[in-house]
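Peer 1: The structure follows.
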Amino acid sequence: MRRINLLPPEERGRLAGAPPALRGRPVELLLIAGVLMLICMVALYLFFLLRLAGEREAVMRLDQDIARQERRLAELEPYRDLQERLAAKEQVADGVWRTRFPWDEFLQGLAFAIPQSAALNGLTAQASPVNLQAPAGQILEPPGAVTFTGITLPEYQNVADFIVRMNGLPYLANSRLVSAELDRETYVEPAIAFEVSSELITVVGEDGERVPLGVEPEEP
């Protein structure tokens, strides 16, 4: 059988100059190139598929974290305005502290001010009412009141000495004698039973304007 070459003359010359191994094999080369391209596409597909799976897992973990945080926020919802309530109570506490009467310092000073010739039997006191709006340095009105009852040696000068010492205390003012009577029956020796009243003075902010919540370090 005779073969007939239908290619143009220029194509015939190019094929005639091609290596013998490549003559008649263009289809095989195209198939190989297609297979290689397909392998690359499959590899890229698998790569992006694995990456997408990792991203989905990260998104899932993030969603779980968000859900957990939302549950915690729901548990803390009743305390949303806690800071505001604490701030309001802190202002009230500071106002009470600022206008309170310093009983501890008053009693310490009283213990040192009582003369040796006298002894107290009782003490009745009421401080000035708290005023949250009073500015620092102001003396609260009306003043408080305190009444002392006690005994002294049988000399009225001892009662006068007691009154003078009470007026010397920084928290007392206008000390005055209510009664004084010589008692010869109650005690082994005669004694003067007396009653003295004074005004309790409260200076706003004298012990500080805020409640001390901690111990401040001492300055060197």
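Peer 1: Normalised by the number of residues in segment 101-200, what is the relative contact order in percent for Cα pairs under 8 Å and 6+ residues apart?
Peer 2: Numbers: 171 pairs, mean separation 30.1, N = 100.
Across segment 101-200, relative contact order equals 30 percent.
Peer 1: While we're here: Farthest toward the dipole's positive end in segment 101-200, which of 111, 172, 130, given Cβ charges of +1 (Lys, Arg) and -1 (Asp, Glu) about the Cα centre?
Peer 2: Positive-most Cα among the choices belongs to 130.
Peer 1: Using just the Cα positions, wrap segment 20-137 in a convex hull and report its mean projected area in square nanometres, one decimal place. Intermediate values should be presented prior to the final figure.
Peer 2: Working: hull surface 82.3 nm².
Mean shadow area of the hull around the Cα atoms is 20.6 nm².
Peer 1: Cα centroid distance between segment 144-213 and segment 41-60, in Å?
Peer 2: 90 Å
Peer 1: So, one more: Have a look at segment 101-200 and give its Rg and Dmax from the Cα atoms, expressed in angstrom.
Peer 2: 15.1, 53
Peer 1: Taking the Cβ of residue 106 as the center, what net charge do the other residues with Cβ under 14 Å away carry, scoring Lys and Arg +1 and Asp and Glu -1? It would help to have the intermediate numbers written out before the result.
Peer 2: Working: positive: 100, 165; negative: 104, 105, 199, 206, 207.
So the surrounding residues net to -3.
Any read-out appearing in this document is the output of simple, stated calculations on the displayed coordinates, not a laboratory observation. These figures come from a predicted structure and were not determined experimentally. Quick reminder, even Gly has a Cβ in these numbers, built from the backbone with ideal geometry, and neighbours come from all protein chains shown.
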